[in-house]
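What follows draws every value from the coordinates through simple rules; no lab data is involved. Predicted model only: the values in this text are computed from it and were never measured. Cβ placement follows ideal geometry from the backbone for every residue including glycine, while neighbour counts extend to all protein chains displayed.
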Amino acid sequence: MDLEKLLDTKEGKKLLEFANLEKPLSRPVDLSRAKEITITKETYLEAQSRGMTLSELLETPEYDPSELDSPLDAFERQLAAYDIRVGGKNPVTVELFYQGVPALLPEFMMREIKRGQKMRPELEKLVASSNIISSSRYTPFYVDVSPSQSKLSLRPIGEKAEVPTLAVAEQVHSITVPDYGVTLKTSYKALRHRTTAQFKVLLWYIGFRLQADKMGLIVDTIINGDGNDNAATVINTATSGSLTYSDLITLWNEFFPFEMNAMVCHKDKIKEILTMEEFKDPMAGFKFQKTGELVSPLGSTLIRCDDVPTDLVIGLDNRFAVEEVISQPLMVEYDKVIEQKLEEAVISESVAYAKVIKEAALVLDTVWS
């Protein structure tokens, strides 16, 4: 999508609200050490070999670590050392960035894409934990929470009595952590006169969309499982083709001893829930009109994901339901960005989702036969 067209969209205008995050420095910053460092492709290779980003590498003792109260981190000091302003009233153009220090552009892009990911905080509300692994294969845990294993609370144990046991093993099947990515394909001509503040919005949008796609992966894992015969248990509504307040109570009631603290559904189902008589609280309506924050049915955070089939409502205890595993964190093809001036660069990440405890997620089916 053309950048000007993107900025004119609803999502683009929303992202523009974040366009001037930089604040004036409260005190002078020592840039002497930053000016002694020369960033090249080899610096990125060193960071990659050590399992770090460039920003993390720059913070190591041999480079330019930040003081505890430093207003700028090591990468921001690199930008300042070359007078590269990426926000505020007079941000530099992409062309001036290239002329000044092209080797910093890949890390700048990655940091802004990550910032865009944070603008989609719903994903964090669905994941119990996120872990980086050193392989493209991962074997999830199997936790036995069957009724015979449910009484694990503290209680007196007589002499030679059996101690309650929680059975934990590895699942039968491991899961593959696939690569996901997007190619940023543009011409240098289209970007050269854009300011870095404008370019940031495009990068935020990429991160924003990547998070939305991940939510689709999570939904698929919850509904269909991760390949270990752990698809979500399905509960039917009382009447096929109908969703009532009583049906939501039934779903909520089935979670014990877990807590249904999140509900994920398609936009059509969200509308159906929000227009139920039981949720027409005047104060809830006022809050929605004022902030756009959705009502929380039965104490659950209501999350929209249009990858959920229109006839389903997903309930989950986000503390125990799904884990995220990453074999390759977010990466930008730094060599192509530096050498080809953004003609074409792949932004990629290797990520997968696995069930932690199957019983911590349930599906309510509103259309059944």
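Amide hydrogen proximity for Ser130: with H placed 1.01 Å from N in the peptide plane, the residues at 5 or more positions away or on another chain lying under 5 Å are Glu324.
Among 267-278, 324-335, what's the highest-first ranking by average C-beta atoms within 10 angstrom per residue? List each step's numbers first, then the result.
On the way: 267-278: 14.7, 324-335: 18.4.
Highest-to-lowest ranking by the protection proxy: 324-335, 267-278.
Highest mean packing first, where packing is the average number of other Cβ atoms within 10 Å per residue, the peptides 183-189, 71-77, 244-250, 343-349 line up as 71-77, 343-349, 244-250, 183-189. Any chance you could check the Cα centroid distance between segment 246-267 and segment 173-235 for me, in angstrom? Taking the Cα centre of each part, segment 246-267 and segment 173-235 sit 27 Å apart.
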